[in-house]
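Here the structure is laid out as structure tokens; the discussion comes afterwards.
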């Protein structure tokens, strides 16, 4: 999932763990993002998480 350069994104929903097949989450330069929900740890298929920027 490409959310790259989403400057106004402040939070991801707790329900993100419903995306069971999510492999790649790109949050590059999402500078307003304060924290990741705990449920992100339930994404067993997630291989790449980009938080750079």
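What are the residues in segment 10-21 that are part of a loop (DSSP other than H, G, I, E, B) and more than 10 Å from the chain's Cα centre (by Cα), if any? I'd like the intermediate steps shown before the answer.
Narrowing segment 10-21 to residues part of a loop (DSSP other than H, G, I, E, B): 10-13, 19-21.
The answer is 10, 19, 20, 21.
Is it the case, given these coordinates, that residue 45 is more than 11 Å from the chain's Cα centre (by Cα) and at pLDDT 95 or above?
Numbers: more than 11 Å from the chain's Cα centre (by Cα): yes; at pLDDT 95 or above: yes.
Considered against the rule, which asks whether it is more than 11 Å from the chain's Cα centre (by Cα) and at pLDDT 95 or above, residue 45 comes out as yes.
The values are calculated or read from the model by the stated rules, or taken from the named source; none is laboratory data. This structure is a prediction, so every number in the text was calculated from the model and none was measured.
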